[in-house]
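Working notes for the structure below.
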Amino acid sequence: MKKIWEKYSYAILLIILSCSLAFILSLRFNSNVEEKFVTITVSEGDSLWKISDQYSDQHSYSNNEFISWVKQNNNIEGDRIYPGEEITIPVNLEVGSLTEYASAAGE
């Protein structure tokens, strides 16, 4: 063991320091915003574009990215959604925030 330490001590210390630095930087640059998901009920006249605009201040996607995400994660083929259908959408919430977003459909 002593021979290994004498021969590779610099490499071992470099690896330990690199791992420590990577861990510290990952904690430091961890975002306060966490992506959550909300299930909403589609209302008459809703479209994916309209829903993207309605929740635009609650997600960090462009309208096209939002629509692609919703279609992919809700197994929606084409561009049509139907009243009464429930879909899951992404919203960004600050970690520790007590605010939760919910659908106001039907009110």
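Every number here is computed from the coordinates shown, using simple stated rules; none is lab data. The structure presented is a predicted model; accordingly, all values stated were derived computationally and were not measured. Quick reminder, even Gly has a Cβ in these numbers, built from the backbone with ideal geometry, and neighbours come from all protein chains shown.
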Item to complete: Counting other Cβ atoms within 10 Å, keep those with at most 14, restrict to DSSP loop, and tell me which GluC sites (Glu not before Pro) in region 1-94 are left.
Response: 44, 77, 85
Response to the item:
Output for region 1-94: trypsin sites (Lys or Arg not before Pro) sitting in coil per DSSP, at most 16 other Cβ within 10 Å, listed by number, reads 80
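Which ordering of 69, 49 is given by a fewest-first count of other beta-carbon atoms within 10 Å?
So the residues, fewest neighbours to most, are 49, 69.
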